[in-house]
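This report refers to the structure that appears directly beneath it.
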Ligand code: DX5
Ligand code: ZN
């Protein structure tokens, strides 16, 4: 069964704690947290202090997606908060192997995210060390964009790579444009975790949307 990670980027920022409580009660599996620095992507969101403030308000595992340059600089501050996944972009560092080890030493799971133009092949030599491959199905920076169909093939390639290296525990997450129309292709491709921002937070009935995306019977 796939897991649903609503993206906080589409929540009402003036009442974050209440928004998160609501999606937790609606059955979300994780909370996807988009950290943007205004350099790696042309948008700026929130950093460790905001995430820290939310930790006490929910039991949901934090799935932190860092769209930042110098992701190495963020490991320590996020480790102390208590996050499940620390995911950085392959395009943001020359030292993926070293950063993965550092993240794990700090007690977090290590994820690597790929922009639409970055091939799965860049992960070949570190796939055995990873806890997550995050396939971007939009160009990172904003919520509410259209799903790039090519991502479906890429999810399959990411799953195949993990299987090839015998990494049974790692998951494939897909992020961007996941909604009622695109979800079936994404699920069929084998994704384990689906991020959904505008689809969940923009729904009249968030609980029904989470169930629909997960394919609950
Ligand atoms: C985009 C972010 C996504 C975004 C997804 O840069 O990484 O997590 O919130 O939003 P939707 O689901 O609306 O495409
Ligand atoms: Zn994201």
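With the structure loaded, tell me whether residue 170 is more than 16 Å from ligand 2 (Cβ to nearest atom) and touching a strand residue (DSSP E or B) at 6+ places or on another chain (Cβ under 8 Å) or whether it fails that test.
When the stated conditions are applied, residue 170 passes them.
Would you confirm whether any residue within the range 44-52 is under 17 Å from the mean Cα position of the chain (by Cα), more than 22 Å from residue 167 (Cβ to Cβ), within 14 Å of ligand 2 (Cβ to nearest atom) and assigned to a loop (DSSP other than H, G, I, E, B)?
Yes, some residue in the range 44-52 is under 17 Å from the mean Cα position of the chain (by Cα), more than 22 Å from residue 167 (Cβ to Cβ), within 14 Å of ligand 2 (Cβ to nearest atom) and assigned to a loop (DSSP other than H, G, I, E, B).
Can you find, within the range 73-90, the residue that is nearest to the chain's Cα centre (by Cα) among those that are surrounded by fewer than 21 Cβ atoms within 10 Å (Cβ to Cβ) and part of a helix (DSSP H, G or I)?
Here the answer is 90.
Going by the conditions given, is residue 58 away from ligand 1 (no atom under 16 Å from the Cβ), outside any helix (DSSP H, G or I) and either under 16 Å from the mean Cα position of the chain (by Cα) or surrounded by 14 or more Cβ atoms within 10 Å (Cβ to Cβ) (or both)?
yes
Kindly indicate whether any position in the range 91-105 is surrounded by 14 or more Cβ atoms within 10 Å (Cβ to Cβ), within 16 Å of ligand 1 (Cβ to nearest atom) and assigned to a helix (DSSP H, G or I).
yes
Is it the case that residue 26 is over 21 Å from residue 141 (Cβ atoms), away from ligand 1 (no atom under 14 Å from the Cβ) and buried (at least 16 other Cβ atoms within 10 Å of the Cβ)?
yes
Of the residues 9, 66, which is within 16 Å of ligand 1 (Cβ to nearest atom), surrounded by 20 or more Cβ atoms within 10 Å (Cβ to Cβ), in contact (Cβ under 8 Å) with a residue 24 or more places away in the chain and assigned to a helix (DSSP H, G or I)?
9
Based on this model, can you work out whether residue 136 counts as under 22 Å from residue 68 (Cβ atoms), touching a residue at least 12 places away in the same chain (Cβ under 8 Å) and away from ligand 2 (no atom under 16 Å from the Cβ)?
For residue 136, the condition - under 22 Å from residue 68 (Cβ atoms), touching a residue at least 12 places away in the same chain (Cβ under 8 Å) and away from ligand 2 (no atom under 16 Å from the Cβ) - is not met.
Just so you know, all these numbers are worked out from the coordinates, no wet-lab data involved. Note that the structure is predicted; figures quoted are calculated from it, not measured. Ideal geometry is used to build each Cβ from the backbone, glycine not excepted, and the neighbour counts take in all protein chains shown.
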